[in-house]
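One structure is given here, and the rest of the page talks about it.
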2 protein chains.
Amino acid sequence: MTSRERFLAACRRQPLDVPPAWVMRQAGRYLPEYRAVREQHDFLSMCRTASAAAEVTLQPIRRFGMDAAVIFADILLPCAAMGQDLRFAEGEGPRLAPCVRSAADVERLVDFDARTATGFLGDAIRSVRKELGKERAIIGFCGAPWTTASYMIEGGSSKNFEHSKRLMLAEPEVFASLCSRLVDNLIPYLAMQVEAGADVLQVFDSWGGALDAATYRSAILPHVQRLVAGAKELGVPVILYVNGCAQLLEVMADSGADVLGIDWRVDAADAIARVGSRVALQGNLDPCTLFAPPAVISREVTRVLDEFREQRGYIFNLGSGILPGVPVESMDTLFRVLRGRHERAAAGQARSPRCG
Amino acid sequence: MTSRERFLAACRRQPLDVPPAWVMRQAGRYLPEYRAVREQHDFLSMCRTASAAAEVTLQPIRRFGMDAAVIFADILLPCAAMGQDLRFAEGEGPRLAPCVRSAADVERLVDFDARTATGFLGDAIRSVRKELGKERAIIGFCGAPWTTASYMIEGGSSKNFEHSKRLMLAEPEVFASLCSRLVDNLIPYLAMQVEAGADVLQVFDSWGGALDAATYRSAILPHVQRLVAGAKELGVPVILYVNGCAQLLEVMADSGADVLGIDWRVDAADAIARVGSRVALQGNLDPCTLFAPPAVISREVTRVLDEFREQRGYIFNLGSGILPGVPVESMDTLFRVLRGRHERAAAGQARSPRCG
């Protein structure tokens, strides 16, 4: 069974001896070889240069052998393609201008042709496929409607999402029209990634945790459902990841996604009990664990694997993106534990005969 | 029934026609009269000048007539009293130095005498009591062990709590000794506030939401329990507020606190079902609601009041502190709705004959 087959089987909730594994933001700053490429490019030009994006996408696979490569890109690329000016100043978060805060602002956004405006991403996926063959899965992705809209409305990262929530409460039809425009554009953007070779799609709702379940269900979920349905029509499984999702699991399970990516705050048994019979699960080691000594990392990775052992359809991951300062040795430890599972399974000595 | 009696009755889960109400950070920058006092003092000297602290504590009561005054102070004052250098640079968060990251660092902390080191706070409480008489409740407070420890370890605010979690995982006994030292000092600090006149104590775990329930239960809860028990021995009710507590309600209810303060992400019915029979609840309007037009604010305040109508022991509040940019008129709207409840209750026409 190849890594790719293992990954797709987990998404489809088929029984497995050992779960597939990847790490959110695995193509990232914790890797010295990433920092070397990054020195040659600013962040956005790295996203937009297919050879650079492909190179950093492949780096962690070469080192650790994850079951899936997640294409190097940024969830805000579509905002730029829709006409906002997007900048990443060194050491700061993204800046988007002008902010989208009125019907006229939404009106002014442009619908983009994914193949021309973001063709570099398709090229990067094709390069990655060339190196990986069919051995490993490739994950394409986009931002979720709420997270993407909030960046466009706030003009960058936000602590309290004042403008986004104000718009949602005061002018719900304007907010909804922004989300609709986003989904209109994100579906072809995902389609372009699948045409180029993506096997799986992940929708990142990084800021979904700022919302209560009732608000998410009424104002956000319909847009997520349309996005997920559009993605699934492409014939690939869809992972919906929400950071801070303890209050949102049931709403997320109603999205139509095949897999829910959950953060470290969610208790595995609780997630399994609440939605584990409806969807596959992905997660959820606290990314800060990777700052601990190897023995603690081993213990915690083992704990997470054991907690999800009975879940039908499970993908190992962190509960959010790997942090820039993580020692590379911590990732060695993590994947040593995972390889140990494979070896024991191959030897017929796995502690549990199945995962899911 | 005075406001103070209403507030204490809610904490003790006695039946009430209308819930008491206050607003976290009600003595704050959204008020022009606060900003006028603030112009005369930097933030820390405002905390440490009893007359200024008392004045800004009273300002929102004069304007809106909340049932309780929360004394103006900062949860980091005890860190300074324990020997860390504490600064608030304009427009930045707090800075604490040196960071506490080793057994020797914990050792070096000093135990402070609350009456001498933080006597200004007692003086401020006595001034507030003088003006309020016994009409309204006075809320004293401190930071919770995790939140306070994380500031001391990180040296300020943090996005990911890398150093705090590393210490907790890698050197759990050092982390525990820091929490113990904190609780040793926070109990007399709270006692000083009660001696000065505080009727209720709130423990703020502003960053508790960064933790999963199992970690909170094993590494944090014992310290919270000791703090809460120490506070309750003073004869006053204790409110435990955790921001981002959707995954923590049961753990919080095991703290021994009389009231759980919950953030806006938590569904009221869910909170009532999970812990409402064991503790009173406080919350949980999304603070961003106050950026919406009056009609939306009225609707949302009414919704929250209705959702908690069946809860025995309920205090109306926001789900976190009021934001600096909120228009004063929004608070007028909020308290107009609350006054309407009182008037209807007095006229025997309240939609529900009881709250709790």
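The values are calculated or read from the model by the stated rules, or taken from the named source; none is laboratory data. This one's a predicted model, so the numbers in the text were calculated from it and none came from an experiment. Here Cβ is always computed from backbone atoms with ideal geometry, including for glycine, and neighbour counts include all displayed protein chains.
Things worth noting here:
- Check on A:Leu86, closer than 14 Å to A:Glu131 by Cα and either part of a loop (DSSP other than H, G, I, E, B) or out of contact with any Phe, Trp or Tyr (no Cβ under 7 Å at 6 or more places or on another chain) (or both): no
- Here region A:100-140 is the region considered, the condition is being of a type in the set (Val, Ile, Thr) and part of a helix (DSSP H, G or I), and the residue that is surrounded by the most Cβ atoms within 10 Å (Cβ to Cβ) is A:Ile125.
- Residue satisfying all of: in region B:210-221; within 12 Å of B:Val251 (Cα to Cα) and surrounded by 23 or more Cβ atoms within 10 Å (Cβ to Cβ); farthest from the other protein chains (Cβ to nearest Cβ) among these: B:Ile220
- Qualifying residue in region A:320-334 (condition: over 23 Å from B:Lys165 (Cα atoms), touching an Asp or Glu at 6+ places or on another chain (Cβ under 7 Å) and outside any helix (DSSP H, G or I)): no
- Only one of B:Pro15, B:Pro60, B:Pro19 that is closer than 19 Å to B:Ile138 by Cβ and either under 17 Å from the mean Cα position of the chain (by Cα) or at pLDDT below 95 (or both): B:Pro60
- Cβ-Cβ distances below 9 Å connect the following pairs, each with a first residue in region B:298-310 that is under 15 Å from A:Ala170 (Cβ atoms), a second residue that is β-branched (Val, Ile, Thr) and assigned to a helix (DSSP H, G or I), and a separation of six or more residues or different chains: B:Ser298/B:Thr333; B:Ser298/B:Val337; B:Glu300/B:Thr289.
- Residues that are outside any strand (DSSP E or B) and of a type in the set (Phe, Trp, Tyr) were ranked within region B:141-153; the one that is nearest to the other protein chains (Cβ to nearest Cβ) is B:Trp146.
- Matching residues, region A:250-276, being within 14 Å of chain B (Cβ to nearest Cβ) and either in contact with a Ser or Thr (Cβ under 6 Å, 6 or more places away or on another chain) or in a loop (DSSP other than H, G, I, E, B) (or both): A:Asp263, A:Trp264, A:Arg265, A:Val266, A:Asp267
- Here B:Ala97, B:Ala36, B:Ala104, B:Ala117 are screened, and the one residue that is in contact with a strand residue (DSSP E or B) (Cβ under 8 Å, 6 or more places away or on another chain), on the phi < 0 side of the Ramachandran plot and free of Cβ contacts under 8 Å to residues at least 60 places away in the same chain is B:Ala97.
- B:Ser330 being closer than 26 Å to B:Val275 by Cα and within 13 Å of chain A (Cβ to nearest Cβ): no
- When restricted to residues that are within 26 Å of A:Val266 (Cβ to Cβ) and of a type in the set (D, E, K, R), region B:232-262 contains 2.
- Test: residue in region A:160-176 that is touching a His at 6+ places or on another chain (Cβ under 7 Å) and either of a type in the set (S, T, N, Q) or more than 14 Å from chain B (Cβ to nearest Cβ) (or both): no
- Considering only residues in region B:277-308 that are within 19 Å of B:Leu260 (Cα to Cα) and assigned to a loop (DSSP other than H, G, I, E, B), the one that is nearest to the other protein chains (Cβ to nearest Cβ) turns out to be B:Asp286.
- Residue match in region A:230-249 (condition: within 13 Å of chain B (Cβ to nearest Cβ), of a type in the set (D, E, K, R) and without any contact (Cβ under 8 Å) to a residue 40 or more places away in the chain): no
- Checking each residue in region A:154-207 for being of a type in the set (A, V, I, L, M, F, W, C), in contact with a Phe, Trp or Tyr (Cβ under 8 Å, 6 or more places away or on another chain) and assigned to a loop (DSSP other than H, G, I, E, B) picks out A:Phe161, A:Trp207.
- Residues of region B:100-140 that are farther than 25 Å from B:Arg4 by Cβ and of a type in the set (D, E, K, R): B:Arg101, B:Asp105, B:Glu107, B:Arg108, B:Asp111, B:Asp113.
- Flag for A:Ile71 being closer than 20 Å to A:Leu186 by Cα, under 20 Å from the mean Cα position of the chain (by Cα) and surrounded by 13 or more Cβ atoms within 10 Å (Cβ to Cβ): yes
- Residue count for region B:6-41, restricted to those that are among the basic types (Lys, Arg), in a loop (DSSP other than H, G, I, E, B) and more than 13 Å from B:Thr57 (Cβ to Cβ): 3.
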